[in-house]
Amino acid sequence: MSDQCGCGTGHSHEAPGATTTTVEAPVTVERREDQINLSPVAAGKVKSLLEQEGRDDLQLRISVQPGGCSGLRYQLFFDERSLDGDVVTDFDGLSVVVDRMSVPYLSGAMIDFVDSIEKQGFTIDNPNATGSCACGDSFH
């Protein structure tokens, strides 16, 4: 008989009416190396933000711009424009647009959304980034 509580009686002390919570394993998302990737959590957050905007003509645009302490920085914003050479990827009805100049920098990158005590916001895990600044906002 195992002593689960350490009191030496061979029983466990569980509060009346206590429930056991099973933590599910995180959903793994298959990353495609030839396109931008969006996690289900990030897609849900983007859809929620789009609903708050109250417009159906917007799409998420992700681009890479010169700037930041490491040379390049990410920009994520809602955009109604279609530019020549845009690459549009559909994620279950959500359009994510990358301009043709940013495509080589973002191919294979995973966009996720984190909502924790320490951090809240979109994160980008980019295999093309050879280094980044301490704040995580720019890369090279």
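Couple of notes before you dig in:
- K47, K119, ranked by accessible area, largest first (probe 1.4 Å): K119, K47
- When you count the other C-beta atoms within 10 angstrom of each residue and take the mean per peptide, 50-56, 72-78 line up highest first as 72-78, 50-56.
- Cα shape, segment 47-131, gyration tensor, a/c 1.5 rule: oblate
- Distant-in-sequence amide H partners of I36 (H built 1.01 Å from N, under 5 Å): G108
- Ranked packing of 57-66, 121-130, 36-45, most packed first, by mean Cβ within 10 Å: 36-45, 57-66, 121-130
The values are calculated or read from the model by the stated rules, or taken from the named source; none is laboratory data. On a predicted model such as this, the values are computed, not experimentally measured, just so you know. Counting neighbours? That spans all protein chains shown, and the Cβs are built from the backbone with ideal geometry, glycine included. Ligands, DNA and RNA are excluded from the accessible area calculation, which covers all protein heavy atoms including side chains. Shrake-Rupley method; radii C 1.70, N 1.55, O 1.52, S 1.80 Å.
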